Structures are given as structure tokens and as C-alpha cells.
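K.L.:
Here it is, the structure in full.
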Amino acid sequence: MDRVFNSVWALRIVALVLSLALFLYVKSELETAGREAAPSDEVDVLYNVPLEVYYDDEDLIVTGVPETVNVTISGNSKLIRQAKITQDYVVFVDLNSLMIGEHHVTIQNEGFSEKLKVSIDPGALNISIEERVTREFRVEPEMNKRLIAEDYDLKGMTVDPTTVVVTGAKSAIENISYVKATVTGEQGIKNSFQQEANVKVLNAELNRLDVAVQPEKVKVKVEIEEYSRDVPIKIKQIGQLKEGISIEKLSVEPVKLKVYGKKAVIDELKELVVEFDVSDLEESGSYEGKIKVPEKVTAEENSVIIHADVKKELVETADESTEVGTGQQAEDSTE
């Protein structure tokens, strides 16, 4: 043993081993300390980041581009926090060099640290560039008639303004079949009302089209009335004509009247009767006649005008013969 330690080479080898062990230990400690002191890497997702689109928006329309995208960033946690706080970045597609037509484009980004890894979802888009077209369309009001109370009717709807200006891609404008303003309400509507309604632009399959509308809302006036129907008027003669009086023609004005009330009752009505008392009738003229209506029914007018054409016959007496109603004296009759 003493000889081993007395050997110069043995001491050199032992010293080398100890030095190597000490070196490895110190290196390990330094690496551990460095890892503890340095910020750790992480992954974060930025949701609903606005997607900028660069193109000639005065003459062109671009479809197929979402409003927002999700951006995943990974790397140094300090740099990630800094990006989230400052938001000094932009996500975009540049279409300025592209012509009208279909294109596949990659979404780009700027403003992130070069030390961060950036991934965008979606990373690319299929887009369409079309000519921007503007046209004027008439607005059609509409309403679900099942909202109207029983025994009431929708009499009319008006829109203000009557037309709107629609702007969009040429293909969308050419596909417009309907421009509607729909009013809503609770079931059982009995009174007229006015409501502001959104304008919808639809194709033939009633799918909404991606277009801009100006104005976006219009005022719709809805007229609701009690159920009504025009019913013919029939003259019913009562009383006995005087001797020498005959009626050549009777007519009524108007020939029909609008009646309101229970639908079931009104639909059963075939005619309205106006009674005309002829017992005092002596000459042609216009006379007032009262309308008779059934219960739970009202007419737009309580009376009508009856025009009577009357003929007076000659009545002979023992001394003379006179034409009744002409105001002229007949010639004396001789026997």
C-alpha cells in the first residue's frame, strides 16, 4: 500500500480522477442553477384574434374570410406574457395583388417575437374575390297571420321607407329573390300597430345572403280589423200599395255592405235585408231604408238608399177621369 502512494504515477491518476469528479459535480450544479434562474417555456392560445384583410374594398368584395382566428404561441413565458399584454401584433391576409376569382391564401402574422413559435388556426383560406355591386330593392312586409286573434283580419301593411339599398358581391346580388321585413308579436293581436323590423335579404331557397343593407331597419305599419265581408243587399217590400200605384223598378244603393263580427256568423250570411214600406208610396224618388243585421254582427252603414220608379194608373170616376200623379187634368169623358 505504501508503495502505491509512494508511486508518482499513482498519485497523478488519483488526482486526475478527483479533478474529473469535481468538474462534473460543479457543472451539474451550475446547469441546475441556470435552469432554475431562467424563465421556463410554455404554450398559450390567443382566441378570437381579429383577421385583417387587405384589398380594394371600394370596388371589390371578398368572401370566405372569417372575422377572427385562433393563434397558438409557444416559447419563452416572459415573451408570451409580453405579447398578450401589449397586443402589438397583427394577423392578416394580403389580397392586393390578386385578381377577381377563386384563390387559396395563407394567413400571415407580424409583431410576434422571432423567439416565439406562432401557429394560426386556420392557417389558410379558400376565398373568392368579386365585383362590388349596389342596387335598390323594394321591401316586402310580412307577418304570421296566426298571431292575429280569432274573428280579426290583417287588412294591410305598409313600409317606411319602401326601398333599401343592398351592396354585395355580384353573385349575391344576382341571387336576391326576396327583401323582407318581418314583424312579430304575441298571439291574439286585435289592434293595429307599428313596429321597427330588420330587413332580410333572401335567395329563392329563403337562405339569407351575405350582403350589406342600408337602412338595416324599416318601420312597418300593420292594420288589423275585425273580420268583415261584403254582403249583397236585398229589398223586402212590406205594406200594401195604394190603388192606382204600381212599382216599375226598385234598386238599392249601395248594392253591398261590409259587415263585421264573428267569422262563423258572417260566413253564413247570404244577404242583408232592407225592409221597404210601400203603403205610403205615391211617387218616384229616393227613400231611406234601415238594414236588418243578425246578432253579433255590425254593418258599416245602418241605412241605404232605395230608388223607386213608380207608375200611377188612370182611375175613372162618375164625373171625370184623372191620371193620378201627373198633375195634369184629364179630358172630361162624355157618354
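K.L.:
Before we move on, is GLU225 touching a residue at least 24 places away in the same chain (Cβ under 8 Å) and closer than 28 Å to ALA197 by Cα?
P.N.:
yes
K.L.:
Now for a different question. Can you list the strands (runs of 3 or more DSSP E) found entirely within region 103-145 that contain at least 3 residues being within 25 Å of ASN70 (Cβ to Cβ)?
P.N.:
Output list reads 108-110, 117-121, 124-138.
K.L.:
Further question: Condition first: surrounded by 19 or more Cβ atoms within 10 Å (Cβ to Cβ), part of a strand (DSSP E or B) and out of contact with any Leu (no Cβ under 7 Å at 6 or more places or on another chain). Now tell me which residues in region 261-275 satisfy that.
P.N.:
Matches in region 261-275: GLY261, VAL274.
K.L.:
Which residue pairs have Cβ atoms closer than 7 Å, lie 6 or more positions apart in sequence or on different chains, and pair a first residue in region 256-269 that is under 14 Å from GLU295 (Cα atoms) and in contact (Cβ under 8 Å) with a residue 60 or more places away in the chain with a second residue that is among the charged types (D, E, K, R) and part of a loop (DSSP other than H, G, I, E, B)?
P.N.:
GLY261/LYS296; LYS262/ASP151; LYS262/LYS296; LYS263/ASP151
K.L.:
Here is a further query. Please identify the pairs in which a residue from region 284-296 that is closer than 26 Å to LYS249 by Cβ has its Cβ atom under 9 Å from the Cβ atom of a residue that is part of a strand (DSSP E or B) and of a type in the set (Lys, Arg), counting only partners at least 6 apart or on another chain.
P.N.:
Going by the 9 Å Cβ cut-off, the qualifying pairs are SER284/LYS311; LYS292/LYS236.
K.L.:
Before we move on, is LYS258 modelled with pLDDT of 90 or more, surrounded by fewer than 13 Cβ atoms within 10 Å (Cβ to Cβ) and either part of a strand (DSSP E or B) or touching a Cys at 6+ places or on another chain (Cβ under 6 Å) (or both)?
P.N.:
No; evaluated as a whole, the condition is false for this residue.
K.L.:
Please find, among THR158, THR162, THR134, THR182, the residue that is under 24 Å from the mean Cα position of the chain (by Cα) and surrounded by 14 or more Cβ atoms within 10 Å (Cβ to Cβ).
P.N.:
Of THR158, THR162, THR134, THR182, the one residue that is under 24 Å from the mean Cα position of the chain (by Cα) and surrounded by 14 or more Cβ atoms within 10 Å (Cβ to Cβ) is THR182.
K.L.:
Also, I was wondering about something else. From the list VAL166, VAL201, which one is of a type outside the set (Gly, Ala, Ser), out of contact with any Leu (no Cβ under 6 Å at 6 or more places or on another chain), farther than 14 Å from LYS219 by Cβ and assigned to a strand (DSSP E or B)?
P.N.:
VAL166
The values are calculated or read from the model by the stated rules, or taken from the named source; none is laboratory data. Here the structure is a predicted model, which is why all the values come from computation and not from measurement. Neighbour counts run over all protein chains shown; Cβ positions are idealised from the backbone, glycine included.
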